[in-house]
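Working notes, structure below.
Read the figures in this text as sums done on the coordinates, not as results from a lab. Being a predicted model, the structure only gives us computed values, none of them experimental. All Cβ positions, even for glycine, are placed from backbone atoms using ideal geometry, and neighbour counts span all protein chains on display.
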Amino acid sequence: MEREMKETKLSKAISDEIWIKILETGIDNSILKFKDICHFSECCKNLNKLSNKETLWSTLLTIDFPRDHNQDNDEVEDDSSESFATKKAVYMDRLKKYIKQEWADLRSEILKHERGLN
């Protein structure tokens with residue numbers, strides 16, 4: 001009950017438009033990253049709703065995955081089939097692929113290094 005009251009006070013103190021502008025400005029100026037937006041979504045229901053705005057995730061896609069962002073369509077790989085998804089889902093899918101590739105590159109470098117030692 002007390003938390004809901006704080007959320008209501010916070011929501012009333014700053015309009016949604018201002019919150020969106022704060023988030024957009026933070027992303028545009030590379031102050032806020034995807035993790036920060038995810039953390040905002042955990043603060044309260046209103047910030048959760050605002051942090052899922054397509055414009056925010058579209059900007060993050062453009063900044064963090066500029067080469068991938070210009071693909072013909074934004075599809076997310078799914079075990080069952082490919083489906084169209086939100087920009088946030090596309091971002092998370094590309095992030096998973098990026099992390100997977102980074103680990104593969106690291107393993108490759110370690111193997112090269114180990115071969116050189118023998």
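Data table
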read-out: Extension gain (nm, one decimal) between I110 and C38, 0.36 nm per residue minus Cα-Cα; value: 22.7 nm
read-out: Restraint check, K49/K87; K49/K100; K35/K97; K21/K49; K53/K97, Cα-Cα greater than 25 Å; value: K49/K100
read-out: Estimated FRET transfer efficiency when R0 is 30 angstrom, pair I22-E54 (beta carbons, to 0.05); value: 0.95
read-out: ³J(HN,Hα) computed for each position of region 31-43 - Karplus, 6.51 cos²θ - 1.76 cosθ + 1.60, integer Hz, glycine/proline x; value: 8, 9, 10, 4, 5, 5, 5, 4, 5, 4, 5, 8, 5
